[in-house]
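Okay, so here's the structure we're looking at.
The values are calculated or read from the model by the stated rules, or taken from the named source; none is laboratory data. Everything quoted here is computed from the prediction, not taken from an experiment. We place every Cβ from the backbone using ideal geometry, glycine too, and count neighbours over all the protein chains shown.
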Amino acid sequence: MKAMTPIAPLMIEHRLIGRVISLMAREAKRVESGGPPNSVFVDNVVDFIRVYADRYHHVKEEDILFVEARKKALPEELAREADELTQDHRRQRAVVQELADANAEFGRGNKAIIPAMIEAMKSFVDFYTRHMEKEDLKFFAPVMTYFTELEKQAMLEKEIAIDRILIPERFAVMVESMEDSWWD
């Protein structure tokens with residue numbers, strides 16, 4: 001039986017993040033159609049992304065996979081991809097901050113911010129969709145060919161250690177709650 005690779009958990013985590021992205025796309029469409037923004041939902045998405053995606057998932061990518069990949073003699077295209085993905089994570093933080101700022105402004109009663117909120121939601125959805133696709137299709141599988149089975153296992157063990165600290169199952173429950181609460 002073939003051992004799990006360190007990209008398997010990352011891709012599974014992408015599926016959970018994708019469910020949140022799908023909810024945000026629905027919220028953007030609903031607000032664009034004239035519904036009021038659901039400020040609590042947007043806050044929950046921002047919190048989810050800041051904790052699950054940024055402090056949990058991106059740590060596995062940046063501090064484990066990308067670090068180990070940079071130690072390899074990668075072709076220029078893959079090395080550049082690792083750098084671009086790290087830069088994407090920085091841009092993601094800015095996109096999430098724009099959404100959080102717009103939502104806070106809406107929460108203070110500024111209805112004029114709604115078009116900016118819609119744009120922030122759409123930007124968030126577009127950015128994350130493209131970013132995860134790039135990782136899944138252009139980087140994860142190709143870079144794995146540069147690692148030995150022992151190196152892959154060592155990376156996977158580091159990821160599992162992070163799981164023990166953060167307990168990822170609670171985030172799946174959080175996403176299920178978002179799905180159940182906002183769209184029955």
Restrict the check to the range 127-142 and report whether at least one residue is on the phi < 0 side of the Ramachandran plot, touching a Gly at 6+ places or on another chain (Cβ under 8 Å) and hydrophobic (A, V, I, L, M, F, W, C). yes
With respect to GLU179, is the statement that it is of a type in the set (Asp, Glu), over 30 Å from LEU74 (Cβ atoms) and surrounded by 13 or more Cβ atoms within 10 Å (Cβ to Cβ) true? yes
Looking at VAL31, VAL40, can you tell me which residue is surrounded by 15 or more Cβ atoms within 10 Å (Cβ to Cβ) and within 23 Å of GLU176 (Cα to Cα)? VAL31
Please go through the range 80-121 and pick out each residue that is part of a helix (DSSP H, G or I) and over 21 Å from the mean Cα position of the chain (by Cα). ALA104, GLU105, PHE106, GLY107, LYS111, ALA112, ILE113, ILE114, PRO115, ALA116
Given the residues ALA28, ALA73, ALA53, which is the only one that is aliphatic (A, V, I, L, M), outside any helix (DSSP H, G or I) and either farther than 23 Å from PHE124 by Cβ or out of contact with any Cys (no Cβ under 6 Å at 6 or more places or on another chain) (or both)? ALA73
Of all residues in the range 122-168, how many are loosely packed, with under 13 Cβ neighbours inside 10 Å, over 22 Å from the mean Cα position of the chain (by Cα) and in a helix (DSSP H, G or I)? 2
Closer than 21 Å to SER22 by Cα and of a type in the set (Asp, Glu): is that true of GLU135 in this structure? yes
Any residue that is surrounded by 15 or more Cβ atoms within 10 Å (Cβ to Cβ), over 23 Å from TYR146 (Cα atoms), among the acidic types (Asp, Glu) and modelled with pLDDT of 95 or more - is there at least one of those in the range 62-76? no
Of the residues in the range 31-50, those that are touching a residue at least 24 places away in the same chain (Cβ under 8 Å), assigned to a helix (DSSP H, G or I) and of a type outside the set (D, E, K, R) come to VAL31, SER39, PHE41, VAL42, ASN44, VAL45, VAL46, PHE48, ILE49
